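The values are calculated or read from the model by the stated rules, or taken from the named source; none is laboratory data. These numbers come from a predicted model, not from an experiment. Here Cβ is always computed from backbone atoms with ideal geometry, including for glycine, and neighbour counts include all displayed protein chains. The accessibility values were calculated without ligands, DNA or RNA, using every heavy atom of the protein model including side chains. Shrake-Rupley method; radii C 1.70, N 1.55, O 1.52, S 1.80 Å.
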Amino acid sequence: MAPHILWDPFTGTFAQFFPATSRSKALQDAPGGTRTNRAGEVVLQIEALFFPHCRADGRVCTRLTDTPCKGWSELNAWVRSWGVPDTWPMGRPTAFVSDRSPHVWSSRGGWYAHAHVPENNHVDPGSWPAFVQEQMGEPGRRTR
């Protein structure tokens, strides 16, 4: 199914499929298993429109971080505005490697790659841009 946001790192455009206050269903979520699509206070699912070795403007992008990452600062600020901390509990992805822990998933908020999510069998995104420092005027933590 669709994530909340599909991000095009080449153009900086976004498509939103579900409101942030609703769940999306982009993760494997086996009955009776570790809750993935509904776990946590806030669950925002983001997909990058990217695949390894894609070509853009005559250039080959092996990793997501090789793309221009246009729109990343806006996306990072939007996620931060929902109270999601700028942290990778399982480590920022740097390769297409699986590293999953149901305990970490269920106990620590932050950013997770598909490679970190219990019950999921794919290892994307392989890399992700560094967090952007908050700028004046960017959203901070959302108050509830």
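The mean sequence separation of alpha-carbon pairs under 8 Å and at least six residues apart, normalised by the residue count of the chain, gives a relative contact order of 23 percent. When all protein chains stay in place and ligands, DNA and RNA are ignored, the 1.4 Å accessible-area order of GLU47, GLU41, largest first, is GLU41, GLU47. Cβ-Cβ distance of ARG59 and THR87, R₀ of 30 Å, FRET efficiency by 1/(1 + (r/R0)^6): the value works out to about 0.45. Antiparallel as a % of all DSSP beta bridges within segment 1-133, to the nearest 5? That works out to approximately 65 percent antiparallel. Ordered from largest to smallest accessible area (heavy atoms of protein chains, 1.4 Å probe), the residues ILE46, ILE5 come out as ILE46, ILE5. Counting only heavy atoms of the protein chains and using a 1.4 Å probe, HIS53 has close to 120 Å² of accessible surface. When the surface is traced with a 1.4 Å probe over the full set of protein chains, LYS70 keeps roughly 100 Å² accessible. Within segment 105-121, what residues put their amide N at less than 17 Å from the label point 7 Å along the Cα-to-Cβ vector of ARG38? Flagged as within label range: 106. Report summary: the helix-based calculation at 222 nm, which adds -39500 (n - 2.57) for every DSSP H run with n ≥ 4 and divides by the residues of the chain, gives -3000 deg cm²/dmol.
Ligands, DNA and RNA aside, ARG108 has an accessible area near 120 Å² when probed at 1.4 Å. Close amide-amide hydrogen proximity is noted between ALA56 and CYS61, each under 5 Å apart and 5 or more residues distant or on a separate chain (H modeled in the peptide plane; Pro and chain starts excluded).
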